[in-house]
Amino acid sequence: MTTNSIKLPRLLIVIFISLGMALLTPPAGVSPEGWKTFAFFVGFILACLVSAGSIGELALILICGLLVSGAMPIENLLNGFANPAVWLVLFAFFAAIGFKNTALGHRIAYQFIAKAGHHPVALVYAISFCDCLIAPFVPNTNARGAGILYPITKALAEAVGSSPEKHTEKKIGTFLFIASFQLNLIIGALFLTAMSTNPLATEMLAKSFKVEISWTDWFSYAAVPVLLTLVTVPWVVYFMNKPDMTAEEMKIAPNFAKQELKRMGAVSVQEKMMSVIFLVMIILWGVGNLIQMHAATVALMGVVALLLTRIVSYQDIVREYKAWDILLWLAPLIAITAYLNENGVISWLVELLQTLLADQPVLLVYLALVLAYFYVHYLLTSLFVHMQAFFLPCVGLLVAIGQDPLVIGMIFALLTCVSPGTTHYGTGTASIYYAAGYTTQKQWWATGFWVSVVEIICIAGIGYLWISFLVGA
């Protein structure tokens, strides 16, 4: 029996809107192909908003529309499959199988539950503490989120009987998955070396405004707004996705975890091998820039090591349908973002913003640019495209009306890190967490929006005051 989640009436309305937009005359500087692609992509986003189908189904419809209309050549669409970030997510997904096969994931999860299992938020803080420890050495949220935190989060949920297969995802899994994902992005903003866009931001500021930001400078500027966000966001996620586990069940969880650890006994040979492979992967991710080795290559090496040690079988990899599902839709979406940039759509959006905000009060310009910069990521799947297209124009416009380039530059750099948290396609990590099946699209987008409100208040509001104080001092 075959099933699909396509809601035809909603989809037809979206297609009608998208086609109507595609027939409009392209703005100056935007190619006809770029405008059509943009119109279809807007339709895709609308279809996601109204839940007209699953992201995989909607992506295939989008791809078909782009190819049939001639808006985008098939070669450009297929270029997305050459993007290393796509393969990093795929290989990280495969490497995570080893945590399940060896029971190492559950052993780590039980250790967390035994020490911090009295409340779901405490569990998320414990996961984030681990992320904070390795973040300065692994400048890739996809590598940390998909490769390291995802298997631990999944094991934590399963350890207390929460899984989509048992229809118990709301027991605690929904909360853990959304919160863990959001905090991974937030921690990416805490250290200069915790996210690959951070050094790019400092380089842009240095070349354009002669602003120098060291590792310690970055941390001092980011510490208050980011740590405040880090503490607050789990509670926002908690109240929006309150676990079904009762207080009594949570009290039982630590004792249960201790009993399970005792039952598991000593660490097995396979667990030790998995630990070694995992540790080597973390080290290589940390020194990847120095030895010129991409994070995706490290993840593939880990998968091959797991195959050679027979911790993971090729059949395990083939059966991991959720990973292949991600590959099918994430790669084309990344290609579309690049194509929009190449065909003038992104530049047109930037110019439109600058025109609309000319001669407006400083506070209004600041608020408008913060909101536009953050929420434009609904249209994007690449942080590098986001930063390269919008960072300097937004910062430059505010500097031109008298704002401090260091303060504004830091604010927009921090917002870049957390902007992918709104959608389930905004970054590779989002796709792997969403594909686990613990959350619906409605839960992901609704929670992502309210989390974004908190992030904007903490970073663009409190962060502005904090960084201005440090710069003034």
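Candidates are the residues of the range 246-282 that are closer than 25 Å to Tyr438 by Cα and of a type in the set (Gly, Ala, Ser); the one that is most open to solvent (accessible area, probe 1.4 Å) is Ala247. Taking the condition in contact (Cβ under 8 Å) with a residue 60 or more places away in the chain, part of a helix (DSSP H, G or I), of a type in the set (A, V, I, L, M) and open to solvent by less than 70 Å² (accessible area, probe 1.4 Å), does Leu349 pass? For Leu349, the condition - in contact (Cβ under 8 Å) with a residue 60 or more places away in the chain, part of a helix (DSSP H, G or I), of a type in the set (A, V, I, L, M) and open to solvent by less than 70 Å² (accessible area, probe 1.4 Å) - is not met. State which residue is farthest from Tyr339 (Cα to Cα) when the search covers only the range 8-30 and only residues that are of a type outside the set (Val, Ile, Thr) and surrounded by 14 or more Cβ atoms within 10 Å (Cβ to Cβ). The selected residue is Arg10. Taking each residue of the range 66-80 that is polar (S, T, N, Q) and looking for partners that are buried (at least 22 other Cβ atoms within 10 Å of the Cβ) with beta-carbon atoms closer than 8 Å, six or more apart or interchain, yields Ser69/Lys36; Ser69/Phe40; Asn76/Ala335; Asn76/Tyr339; Asn79/Ala335.
Of the residues contained in the range 421-430, none is found to be open to solvent by 30 Å² or more (accessible area, probe 1.4 Å) and in a helix (DSSP H, G or I). Across the range 308-321, the number of residues qualifying as closer than 11 Å to Ile97 by Cβ, open to solvent by less than 60 Å² (accessible area, probe 1.4 Å) and not small (Gly, Ala, Ser) comes to 5.
If the condition is being open to solvent by 10 Å² or more (accessible area, probe 1.4 Å), more than 14 Å from the chain's Cα centre (by Cα) and of a type in the set (A, V, I, L, M), then the range 431-459 contributes Ala446, Val453, Val454, Ile456, Ile457. How many residues does the range 131-148 contain that are hydrophobic (A, V, I, L, M, F, W, C), at pLDDT 80 or above and either touching a Gly at 6+ places or on another chain (Cβ under 9 Å) or crowded, with 24+ Cβ neighbours inside 10 Å (or both)? The qualifying residues number 1. Among the residues of the range 269-292, is there at least one that is polar (S, T, N, Q) and over 23 Å from Ala157 (Cβ atoms)? There is at least one residue in the range 269-292 that is polar (S, T, N, Q) and over 23 Å from Ala157 (Cβ atoms).
Among the residues of this structure, Ile97 does not count as one that is touching a residue at least 24 places away in the same chain (Cβ under 8 Å), under 23 Å from Leu383 (Cβ atoms) and surrounded by fewer than 23 Cβ atoms within 10 Å (Cβ to Cβ). Among the residues of the range 39-57, is any touching a residue at least 60 places away in the same chain (Cβ under 8 Å), hydrophobic (A, V, I, L, M, F, W, C), touching a Cys at 6+ places or on another chain (Cβ under 9 Å) and not assigned by the TED database to the domain that holds Leu149? Yes, the range 39-57 has at least one match.
For Gly43, the requirement of being open to solvent by less than 50 Å² (accessible area, probe 1.4 Å) and closer than 20 Å to Leu327 by Cα is not met.
Residues of the range 149-176 that are polar (S, T, N, Q) and crowded, with 24+ Cβ neighbours inside 10 Å: Thr153, Ser162, Thr174. Has the range 103-124 got at least one residue that is over 30 Å from Gln259 (Cα atoms), free of Cβ contacts under 8 Å to residues at least 40 places away in the same chain and not polar (S, T, N, Q)? There is no residue in the range 103-124 that is over 30 Å from Gln259 (Cα atoms), free of Cβ contacts under 8 Å to residues at least 40 places away in the same chain and not polar (S, T, N, Q).
When the range 177-212 is examined, which residues are found to be open to solvent by less than 10 Å² (accessible area, probe 1.4 Å), among the aliphatic types (A, V, I, L, M) and at pLDDT below 90? First the steps, then the outcome.
Initially, the range 177-212 is screened for residues open to solvent by less than 10 Å² (accessible area, probe 1.4 Å), giving 177-190, 194-195, 197-198, 201, 205.
The next check asks that each one be among the aliphatic types (A, V, I, L, M); those that pass are 178-179, 183, 185-187, 189-190, 194-195, 201, 205.
Hits for the range 177-212 are Ala194, Met195, Ala201, Leu205.
For Pro243, the conditions (1) closer than 30 Å to Gln403 by Cα; (2) open to solvent by 10 Å² or more (accessible area, probe 1.4 Å) are fulfilled apart from (1).
The values are calculated or read from the model by the stated rules, or taken from the named source; none is laboratory data. Source: prediction; values computed, not measured. For neighbour counting, all protein chains shown are included, and Cβ atoms are generated from backbone atoms with ideal geometry for every residue, glycine included. Protein only, heavy atoms only, side chains kept; ligands, DNA and RNA dropped before computing areas. Shrake-Rupley method; radii C 1.70, N 1.55, O 1.52, S 1.80 Å.
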